[in-house]
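What follows is a short report on a single structure.
Please treat every number below as a calculation from the coordinates, not as lab data. All values derive from a computational prediction rather than experimental measurement. Here the Cβ is made from the backbone with ideal geometry for all residues, glycine too, and neighbour counts use every protein chain on show.
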Ligand code: SAM
């Protein structure tokens, strides 16, 4: 089929496709959203695009018209023959039948330079997928993803705002974030119960702060946000550090131990983590 003619409703009908709620299947039916995702990702003919969850291939078709190469990863058995039938003739298309959480993206990326992830993600696995894509250090230039509105707002949140938490710190440690657009439930079949947002994460050349031990800094971040109402002093006490030297470590970092995690910038988390790291047991 001509890529321009790939339409969600028609393919769902043609193959009598039955949606699976447990696989987070809400397919896009709005052309303006498809256009905004592709233009928001600035897809061009140098790009190797990795797509997670192609569904019946509506977004994939748009990507194939613009990119050098598209590899889509789909878990649902029933979608594989549909995608092969509708898109298999395109020489720049590859399909991987696998759980995205089990994919070795380094192997997939190989020597490719301009690698962008573009996806309307299944919402039930958004956070584990993003954590994997960021923490495993893959060579992505950007991730342009449609996700649940609340999760996007957490990724994009700044200190002192109610949405600011561990996910904001993790994402902003590795990336600049920008919201591309909101998407109402009416743009999908079946309609999800929640609103969505298309957000773009541009990977920084270097993480935003330098820290002595990244996993220790994230231990501190987690301890801080696990006890949101408690002070940093109380959060720091839960870490494996010399409690007698705690006061000293806070003094050296210049951070008031009575503050709460939600008030700390990434740079301040870095400073405090490094001071506490020096008194680690
Ligand atoms: N891209 C299509 C669109 O925009 O219309 C479909 C998006 S739908 C929200 C999510 C897609 O992810 C579905 O096709 C679903 O089968 C697939 N999926 C769910 N869990 C997955 C996983 N763990 N790995 C890969 N694909 C998955």
Distance (nanometres) between label positions extended 7 Å along Cα→Cβ at residue 202 and residue 77: 4.4 nm
Per DSSP H run of n ≥ 4, the term is -39500 (n - 2.57); total these for the chain, divide by its residue number, and report the mean residue ellipticity at 222 nm rounded to 500 deg cm²/dmol. -10500 deg cm²/dmol
Rounded to whole angstrom, the alpha-carbon centroid of segment 105-178 lies from that of segment 196-221 at a distance of 10 Å
Bridge orientation stat for the chain from DSSP, antiparallel percent rounded to 5, came to 50 percent
Give the average over all directions of the projected area of the C-alpha convex hull of segment 61-147, one decimal, in nm². 5.8 nm²
PRE zone check, label point 7 Å out along Cα-to-Cβ of residue 229, amide N under 19 Å, scope segment 125-161, hits 160-161
Between segment 1-59 and segment 244-263, what is the C-alpha centre distance in whole Å? 49 Å
Using the Kirkwood radius over C-alpha pairs as Rh, can you work out the diffusion coefficient of segment 27-72 via Stokes-Einstein at 37 °C, viscosity 0.692 mPa s, in µm² per second? 311 µm²/s
If I stretch the segment between residue 131 and residue 252 completely, what's the gain in nm (0.36 nm per residue apart, minus their alpha carbon distance), one decimal? 40.5 nm
For residue 195 and residue 237, what is the calculated FRET efficiency with R₀ set at 51 Å and r taken between the beta-carbons, to the nearest 0.05? 0.85
Packing-ranked peptide list from 12-25, 223-236, 65-78, highest mean Cβ count within 10 angstrom first, is 65-78, 223-236, 12-25
Compute a Gaussian network model of the chain, connecting alpha carbons closer than 10 Å, and tell me which residue from 178, 32, 265 fluctuates the most. 32
Give me D for the chain in µm² s⁻¹, whole number, from Stokes-Einstein with Rh from the Kirkwood sum over alpha-carbon pairs, 20 °C and 1.002 mPa s. 106 µm²/s
How many nm is it between the label spots at residue 107 and residue 278, if each spot is 7 Å from the Cα in line with the beta carbon? 4.4 nm
